[in-house]
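Notes to accompany the following structure.
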């Protein structure tokens, strides 16, 4: 679990998924995705594995193999992609459901963080690959 920050890993995962969305459904090679999106191939391998485990992408072996989206683009949200590679999305540690902060009961900022968390999750969950 980490504080909300768009990491390079998330950026690459989103770019790879968007590439596959626009690739026309045919499997794309890891090398093609890496080259087109300027993503280091070794790093992309790990990202694709995370996306495959989450069902965002699927792999096909063989000479005409490669990677494609695991489902229709409209069914894959940005939130799902981010959580597949980075885990739960948190704007601040105090909105993660744990009682790690002694100030939580009297914190004047808590309601702001909670509302920010709600809005961020709502935006990411309502934005699908089909929207891009």
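The values are calculated or read from the model by the stated rules, or taken from the named source; none is laboratory data. Keep in mind that this is a model prediction, so the values were computed, not measured. Cβ: placed from backbone, ideal geometry, glycine included. Neighbour counts: every protein chain shown.
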Notebook entry, point to check: Out of all the residues in the stretch 26-50, which are exposed (fewer than 11 other Cβ atoms within 10 Å of the Cβ) and in contact with a strand residue (DSSP E or B) (Cβ under 8 Å, 6 or more places away or on another chain)?
Noted result: 26
Item checked: Test result for residue 16, buried (at least 16 other Cβ atoms within 10 Å of the Cβ), touching a residue at least 12 places away in the same chain (Cβ under 8 Å), touching a strand residue (DSSP E or B) at 6+ places or on another chain (Cβ under 7 Å) and within 19 Å of residue 129 (Cα to Cα) -> no
Next item on the list: Provide a single number: the residues in the stretch 95-117 that are assigned to a helix (DSSP H, G or I), touching a helix residue (DSSP H, G or I) at 6+ places or on another chain (Cβ under 9 Å) and either closer than 30 Å to residue 17 by Cβ or modelled with pLDDT of 80 or more (or both).
Entry: 6
Notebook entry, point to check: Residues in the stretch 49-88 that are part of a helix (DSSP H, G or I), within 18 Å of residue 12 (Cβ to Cβ) and either out of contact with any helix residue (DSSP H, G or I) (no Cβ under 6 Å at 6 or more places or on another chain) or without any contact (Cβ under 8 Å) to a residue 12 or more places away in the chain (or both): how many?
Noted result: 5
